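Everything on this sheet refers to the single structure shown next.
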Amino acid sequence: MKEAIILFNKEVRAVFEKSTTWFIILLLGQLVTIWLVIYVYLEIENSNYHYYMNTKTSLEGIHNIKIDNYDGRIEKDLTTEELLVRKQNRKWHLKYMFK
């Protein structure tokens, strides 16, 4: 059993020494891919936000009401708990974490 573990350790070390550059290249590729996915998500989110705000402004002007930015309902006075929930949701939203 001891010899098998030593042999396995030597084989893993040999594979790692031969292909260290490939591991680094793959790791950098994964980091670039993750960054690209986050960037594309944020750009799509930003374009959806501008489309929503333009539509919201038009509806407010036509119907003479105020629409809430958070959930699209007619604006009302919020309780302290609702304000706290909105603040926490904004804090952990991916859009605001990376900006």
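Taking a straight Cα-Cα cut-off under 18 Å and skipping sequence neighbours fewer than 8 places away in the same chain, the aspartates and glutamates within cross-link reach of residue 76 are 60, 68. The residues 6, 74, 38, sorted by heavy-atom accessible surface at 1.4 Å with ligands and nucleic acids left out, run 74, 6, 38 from largest to smallest. 3J(HN,Hα) along region 55-67, derived from phi through the Karplus expression 6.51 cos²θ - 1.76 cosθ + 1.60 where θ = phi - 60°, amounts to 5, 4, 4, 5, 5, 5, x, 6, 9, 6, 10, 10, 10 Hz, with x in place of Gly and Pro.
The residues of the chain expose, per residue, 93 Å² of accessible area to a 1.4 Å probe.
Taking 0.36 nm per residue of separation and subtracting the current Cα-Cα distance, fully stretching the chain between residue 81 and residue 33 would add 13.4 nm. The structure-derived value of Cα extents along the principal axes in Å appears in the list [x] 80, 29, 18; [y] 38, 29, 24; [z] 71, 28, 18 under the label [x]. Residue by residue, region 75-89 carries 3J(HN,Hα) couplings of 5, 9, 6, 9, 7, 4, 5, 5, 5, 5, 4, 5, 5, 5, 5 Hz when phi is fed to the Karplus relation 6.51 cos²θ - 1.76 cosθ + 1.60 (θ = phi - 60°); x denotes Gly or Pro. Around the amide H of residue 67, modelled in the peptide plane, lie the amide H atoms of 75, all under 5 Å away and 5 or more residues distant in sequence or on another chain.
Once the other residues with Cβ under 14 Å from the Cβ of residue 5 are scored (Lys, Arg +1; Asp, Glu -1), what is the net sum? Charge balance near residue 5 sits at +1.
The values are calculated or read from the model by the stated rules, or taken from the named source; none is laboratory data. Here the structure is a predicted model, which means the values were calculated and not measured. Neighbour counts run over all protein chains shown; Cβ positions are idealised from the backbone, glycine included. For accessibility, only protein heavy atoms count, side chains too; no ligands or nucleic acids. Shrake-Rupley method; radii C 1.70, N 1.55, O 1.52, S 1.80 Å.
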